[in-house]
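Below: the structure, in structure tokens.
The values are calculated or read from the model by the stated rules, or taken from the named source; none is laboratory data. From a predicted model like this one, the values you see are computed outputs, not experimental measurements. Ideal geometry is used to build each Cβ from the backbone, glycine not excepted, and the neighbour counts take in all protein chains shown. Side chains included, ligands, DNA and RNA excluded: accessible areas come from the protein's heavy atoms. Shrake-Rupley method; radii C 1.70, N 1.55, O 1.52, S 1.80 Å.
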Amino acid sequence: MKKKVLLMGKSGSGKTSMRSIIFANYIARDTRRLGATIDVEHSHVRFLGNLVLNLWDCGGQDTFMENYFTSQRDNIFRNVEVLIYVFDVESRELEKDMHYYQSCLEAILQNSPDAKIFCLVHKMDLVQEDQRDLIFKEREEDLRRLSRPLECACFRTSIWDETLYKAWSSIVYQLIPNVQQLEMNLRNFAQIIEADEVLLFERATFLVISHYQCREQRDVHRFEKISNIIKQFKLSCSKLAASFQSMEVRNSNFAAFIDIFTSNTYVMVVMSDPSIPSAATLINIRNARKHFEKLERVDGPKHSLLMR
Amino acid sequence: MNKRIHYYNRLSTPADKALIAPDHVVPAPGECYVYSPLGSAYKLQSYTEGNGKNTSLVTIFMIWNTMMGTSILSIPWGMKQAGFTTGMCVIILMGLLTLYCCYRVVKSRTMISSLDTATWEYPDVCRHYFGSFGQWSSLLFSLVSLIGAMIVYWVLMSNFLFNTGKFIFNFIHHINDTDTVLSTNNSNPVICPSAGSGGHPDNSSMIFNANETGIQQFETWWDKSKTVPFYLVGLLLPLLNFKSPSFFSKFNILGTVSVLYLIFLVTFKAVHLGFHLEFHWFIPTEFFVPEIRFQFPQLTGVLTLAFFIHNCIITLLKNNKNQENNVRDLCIAYILVTLTYLYIGVLVFASFPSPPLSKDCIEQNFLDNFPSSDTLSFIARIFLLFQMMTVYPLLGYLARVQLLGHIFGDIYPSIFHVLILNLIIVGAGVIMACFYPNIGGIIRYSGAACGLAFVFIYPSLIYIISLHQEDRLTWPKLIFHVFIIILGLANLIVQFFM
């Protein structure tokens, strides 16, 4: 039974855009629907192993409550690994939003009590810059309070700055069970091959899972930029019915290698010594790959996130 | 943000509005000011989509409007310095030369193929080719032109304010101003202020009914070079300290009105005074100047600033709807400007009543040749005074933005920095107004200096370099453009010998 990631939120809160951006899907259709249909979108994206992303619209109409929360509730909320709930910061119906959120939480508590809960306060670019922290803190407190006894982690996001990418990266980071061990191994790997920086990306979304850098880098937003560039490239590849596998970028100052690593990750190795031949680095990556795959398999069946 | 927008564009169809960047996340197009140092200055609506919406007519008018300004006042004097025929030829030739250099400026941006130059203005092109030296030198020359223009403005404003005050005082007290300066004796008096003092226009006119203590007091308190410049300080220094002068750019229409009124005034006076022309080729006579004089570089110095628009021509042409007509529109605008200058220069020179007065009397500001009691020129002075008072803070803002922005990185570091800068600029203006109020001199020095960089050297040098990079440099082109550079240098050097 595939475990689910539920992406829920009110109609128009930005879920479809978010999903398109993170997973590099073309937007299926206009997100502003004319009718009162309530939709679920299954996307068979292999996210962090064997997770399937389900996108649900909550609320806006009372039929939602009747139809889904009563009759199909168990179906929806069973086997949920992660619940990501999206709040539109500009929503005028705070009470209703919280009400729906609480209903979802109740259902989660009943059906998948171990699920991790994340709340995204979205569209923060519409709030004035000097008020953003304040408003987010208020919402966070409310949500924390409402979510008891469950724990929820809150993020403020907007698709027009780096907060969306960071929030999803944090979510992915928290979903990986042995991430500290992974980071230590990554550091060893990087130091052995004398790399400037080594990044580990999640395969479907190119969200950075962990990274090691041996010195301060100038651009703090480089992860999102790399992710966007590669996702754009993947979109171009898919137009030609080709798929992206690996890339080497080289100039007189550096050499960067992006390659498949384990079954769920990509690795990016940045070498600032361009005299090291590519073949050497590629061999290193290949050898490391075996080691990291073993690491994944070591985890027991309970932590099934990175396993096949 | 750039990468983000590119990526989001790939995700959605053009019809879908969901992932189009809303206005509040896209950085606003900065305030874009278009100015010519002695012309107008105003805020330009910059279009982010790339294509402007101005028709050719509007573009031509905007170029003409920006270039036209206070340099008109010195053209007749320049023609007098060069001689009538030489003056006309020099005006036409300088127009052609500056037009060609302007064309080079416009083309220079398109010759950079490797980078996205859509938002570049000419100083950015200079920086691309010459590195930080290019940036600093273009900043320096731009400041020379701006501060020179502001000094000229101060002198002129003192002049106009003085004359306006005198007119109003005389009008209220019904004084018939019988100047001892040389003047014609008809209904359209023309005076020769510098006849008695040989060179410098004398700034105080002697009135013989000196027994009137009221007038004497007025004379002491209202003196063109001793007191009026200081009164202006109280008026204009506060205006200079504003953070954003967009309020002043609304008065741009005053510039056009002033120029049109000057044209009307000159035509009217010419009709009433008639033509007085005699052609002596090399030898000056008592009333006339020779047709060819060796002081013609003074005219070229003035014209360099009169035809100056090279610092913002790219921006002006960017807003043209049909970009392929850019060169044609530029040429038409320059032709119109040349014709306007020729018209004013020729008419003022030709109609200057030479039998009683010598042509040598034409002042560096030709309005000085009309007495302060003349109504028409009084109106002209009022217009120009108001227009200059609204352009002065804009020029100050531009000088401040360029200087403080490059030195401190912040265009408004603190009120003290801004105040000190403004005091320096205003102080320079006051000193010049008190001791050296020769606007012709100031214009030609600052014009030749600023024009050296922007008009002569940079366009030609950049063209040579870009051709060389593309291996298309031929000997004729090289020689021609080096010749232009030499002309520019000569223009500057020779100003100091005249």
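Observations on the structure shown:
- Sites B:Ser113 and B:His417, calculated FRET efficiency, Cβ-Cβ separation with R0 41 Å, nearest 0.05: 0.55
- Residues whose placed amide H lies under 5 Å from that of A:Ala153, excluding near-sequence neighbours: A:Ile117, A:Phe118, A:Cys119
- Solvent-accessible area buried by pairing A with B, both sides, nearest 100 square angstrom, 1.4 angstrom probe: 1900
- Per-residue 3J(HN,Hα) values for segment B:223-237, derived from phi via the Karplus relation 6.51 cos²θ - 1.76 cosθ + 1.60 with θ = phi - 60°, read 10, 4, 10, 9, 10, 4, x, 6, 4, 5, 4, x, 7, 9, 4 Hz in sequence order (x marks Gly and Pro).
- Residues of chain B: accessible area per residue with a 1.4 Å probe, Å²: 43
- Computed with every protein chain present, the accessible area of B:Phe386 is close to 110 Å² [probe 1.4 Å].
- Amide H contacts of A:Ser210: A:Leu200, each under 5 Å away and 5 or more positions distant or on a separate chain (H built 1.01 Å from N in the peptide plane; Pro and chain starts excluded).
- Accessible area in square angstrom per residue, segment A:179-298, 1.4 angstrom probe: 51
- Across the protein chains, with a 1.4 Å probe defining accessible surface, the residues A:Asp219, B:Asp374 rank A:Asp219, B:Asp374 from largest area downward.
- Helix B:326-351 and the long axis of chain B differ in direction by around 10°, with both axes built from C-alpha atoms.
- Förster radius 35 Å - calculated FRET efficiency between A:Asn111 and B:Val25 (Cβ-Cβ, nearest 0.05): 0.35
- Reachable lysines from B:Lys477, criterion Cα separation under 26 angstrom, eight or more residues apart if same chain: B:Lys107
- Per-residue shielding of A:176-185, expressed as the average number of other chain Cβ atoms within 10 Å of the residue Cβ, stands at 0.
- From phi via Karplus (6.51, -1.76, 1.60), per-residue ³J(HN,Hα) for segment B:245-255 in Hz, x at Gly/Pro: x, 5, 4, 6, 6, 6, 8, 4, 5, 4, x
- Residue-averaged 222 nm ellipticity for the protein assembly as shown, from DSSP H runs of 4+ at -39500 (n - 2.57), nearest 500: -17000 deg cm²/dmol
- Modelled label positions at B:Asp410 and A:Lys290, each set 7 Å beyond Cα in the direction of Cβ, lie 6.0 nm from each other.
- Placing pseudo-labels 7 Å out from each Cα toward the beta carbon at B:Val327 and B:Phe279 gives an inter-label distance of 3.6 nm.
- Cβ-defined net charge surrounding A:Asn287, 12 Å radius [Lys, Arg +1; Asp, Glu -1]: +3
- Per-peptide average of other Cβ atoms within 10 Å, ordering A:144-154, A:260-270 highest first: A:260-270, A:144-154
- Set of lysines with alpha-carbon distance to B:Lys3 below 24 Å, sequence-local pairs under 8 removed: A:Lys15, A:Lys123, A:Lys166, A:Lys225, A:Lys231, A:Lys234, A:Lys239, B:Lys17
- Straight-distance candidates among the lysines for linking to B:Lys226, with alpha-carbon spacing under 28 Å and chain neighbours fewer than 8 residues away dropped: B:Lys166.
- Using θ = phi - 60° and Karplus 6.51 cos²θ - 1.76 cosθ + 1.60, couplings along segment A:175-182 (whole Hz; Gly, Pro as x): 8, 8, x, 10, 5, 5, 5, 4
- The heavy atoms of B:Lys43 offer some 80 square angstrom of accessible surface to a 1.4 angstrom probe.
- Rounded to 10°, Cα long-axis angle of helix B:375-408 versus longest principal axis of chain B: 40
- Solvent-accessible surface (1.4 Å probe) assigned to A:Glu95 amounts to roughly 150 Å².
- Relative contact order (percent, whole number), chain B, Cα cutoff 8 Å, 6+ residue spacing: 31
- C-alpha long axis of helix B:458-469 to longest principal axis of chain B, angle in °: 30
- Efficiency of FRET from Cβ geometry, B:Leu487 and A:Ser278, R₀ 51 Å, rounded to 0.05: 0.35
- Antiparallel content of DSSP bridges confined to the protein assembly as shown, in %, to 5: 55
- Rolling a 1.4 Å probe over the protein heavy atoms of the protein assembly as shown, with every protein chain left in place, gives an accessible area that is 61 percent carbon and sulfur.
- Potential lengthening of the chain between A:Leu235 and A:His221 amounts to 2.9 nm, from the contour at 0.36 nm per residue minus the alpha-carbon distance.
- Here each label is just a point 7 Å from Cα along the line to Cβ, and for A:Asn251 and B:Val58 those points are 4.0 nm apart.
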